[in-house]
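For reference, the structure discussed in these notes is given below.
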Amino acid sequence: MPRDRDQLLAEAVRLRETGRREQARERLLALCEQFPLDAGIAYQTAWVHDTLGLESEAVPHYVRAVEGQGLSADDRRGALLGLGSTYRVLGRYPEAVTTLRDAVAEFPDDGALKTFLAMALYNTGRAHDAMGLLLTLLASTSQDPDIADYRPAIEHYAKNLDATV
């Protein structure tokens, strides 16, 4: 990858991080034209669109990012979370569920992905599945001693919310 690409991308990211998001967006769109197959640029472009409330415009960039090559595992996870979350915000709930379910399969220890998947499941009318997922996540990640005391019960009910015993 050309050094110019790295430097220009770093400058655009700095602009976004310092609140100059519209300037970052302009630079990233120009980079997309110059490097149309670059997954890293696509991810950063999607991200800046999301921060500007331009979710519809973010989607094709997220798709290019996750379908492309070369993202670090962290960036890939972030791009999948961004895409799934953006689908959900746009009311594209089945696509959100599919994207986030696949992301959870790829990154099974990521609690944020599971949380956003639970929200998307809820949006598709699958509150039971969403609640089970969140209870399982809560039981396995909470540092609250009161929750830890009830971990076995929470895990049991997460699998069978309708159980009475």
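Rule-based calculations on the coordinates, nothing more; no lab input. In this text the structure is predicted, and so the values were computed from the model without any measurement. Positions of Cβ are backbone-derived with ideal geometry, glycine not excepted, and every protein chain shown enters the neighbour counts.
Okay, here's what the table says:
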{"item": "Normalised contact order of segment 59-118, rounded percent, pairs of Cα under 8 Å and 6 or more residues apart", "result": "28"}
{"item": "D_trans [Stokes-Einstein, Kirkwood Rh over alpha-carbon pairs] for segment 1-52, 37 °C, 0.692 mPa s, µm² s⁻¹", "result": "312"}
{"item": "Alpha-carbon Rg/Rh ratio, for the chain, with Rh computed the Kirkwood way", "result": "1.09"}
{"item": "Cα-projected label distance for A163 with A10, points at 7 Å along beta-carbon direction, nm", "result": "5.4"}
{"item": "Pair T141, R101: separation of 7 Å Cα→Cβ label points (nm)", "result": "2.0"}
{"item": "Nearest 10 degrees, 0 to 90: helix 111-123 Cα axis against the chain principal axis", "result": "80"}
{"item": "Stretch gain in nm, segment E17-D74, where the contour uses 0.36 nm per residue and the Cα spacing is subtracted", "result": "18.8 nm"}
{"item": "Stokes-Einstein diffusion coefficient of segment 35-127, Kirkwood radius over Cα pairs, 25 °C, 0.890 mPa s, in µm²/s", "result": "190"}
